[in-house]
Amino acid sequence: MRALFHHPDPAWSGEARAFVAAARGLAAQGWQTVLATAADGEVHRRAAALGVAVAALDPDDGVVGATAALSRVVREHFAEVVFVHGDRGQMIGAGAAWRASRGAVVRRFPAGGAAAV
């Protein structure tokens, strides 16, 4: 399987840590993983130092630009699943998967979190 983790925020956080740990864990099980994150951000540096493949994103992109950029990463890495955080991430991930004509989107909720209805 090929998994893409979308975390455009350059700051290191619990969400970033969760995705880096998941990418490493899946890679240890034979998956091909990549973390799409802000170029030259703390997340990019830490993930690369831990051996996680990274794809650079522009954290200042609007929704349309972010969707186009993520779509390119989905196609380049032949991603079969895109993991995202939050409403914005879900919207961008779904748009990118649709544009790339491939990939399912899985939204991660933090402990105690729930979808707004």
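The values are calculated or read from the model by the stated rules, or taken from the named source; none is laboratory data. Only a predicted model underlies this, so the values are computations on that prediction, with no experimental measurement involved. When we count neighbours, we look across all protein chains shown, and the Cβ atoms used for this are built from the backbone with ideal geometry, even at glycine. What goes into the accessible areas is simple: the full protein's heavy atoms, side chains included, and nothing from ligands, DNA or RNA. Shrake-Rupley method; radii C 1.70, N 1.55, O 1.52, S 1.80 Å.
Give the residues of the stretch 3-21 that are among the hydrophobic types (A, V, I, L, M, F, W, C) and in a helix (DSSP H, G or I), sorted by residue number.
ALA16, ALA18, PHE19, VAL20, ALA21
Kindly evaluate ALA69 against the criterion of being at pLDDT 95 or above, open to solvent by less than 40 Å² (accessible area, probe 1.4 Å), out of contact with any helix residue (DSSP H, G or I) (no Cβ under 7 Å at 6 or more places or on another chain) and not charged (D, E, K, R).
Working: at pLDDT 95 or above: yes; open to solvent by less than 40 Å² (accessible area, probe 1.4 Å): yes; out of contact with any helix residue (DSSP H, G or I) (no Cβ under 7 Å at 6 or more places or on another chain): yes; not charged (D, E, K, R): yes.
Yes; evaluated as a whole, the condition is true for this residue.
How about the stretch 91-108: which of its residues are β-branched (Val, Ile, Thr) and either closer than 16 Å to ALA22 by Cβ or over 11 Å from the mean Cα position of the chain (by Cα) (or both)?
Matches in the stretch 91-108: VAL105, VAL106.
Across the stretch 28-60, what is the total count of residues that are at positive phi and of a type outside the set (D, E, K, R)?
2
Given ALA48, ALA111, which one is among the small types (Gly, Ala, Ser) and not in a loop (DSSP other than H, G, I, E, B)?
Exactly one of ALA48, ALA111 is among the small types (Gly, Ala, Ser) and not in a loop (DSSP other than H, G, I, E, B), namely ALA48.
May I ask you to list the residues in the stretch 30-44 that are open to solvent by 30 Å² or more (accessible area, probe 1.4 Å), in contact with a strand residue (DSSP E or B) (Cβ under 9 Å, 6 or more places away or on another chain) and without any contact (Cβ under 8 Å) to a residue 40 or more places away in the chain?
Across the stretch 30-44, the qualifying residues are TRP31, ALA39, ASP40, HIS44.
For the stretch 34-47, check the following and say yes or no: at least one residue is modelled with pLDDT of 95 or more, among the small types (Gly, Ala, Ser), more than 11 Å from PRO10 (Cβ to Cβ) and out of contact with any His (no Cβ under 7 Å at 6 or more places or on another chain).
Yes, that holds for at least one residue.
Residue check: is ARG102 open to solvent by 50 Å² or more (accessible area, probe 1.4 Å) and touching a His at 6+ places or on another chain (Cβ under 8 Å)?
For ARG102, the condition - open to solvent by 50 Å² or more (accessible area, probe 1.4 Å) and touching a His at 6+ places or on another chain (Cβ under 8 Å) - is not met.
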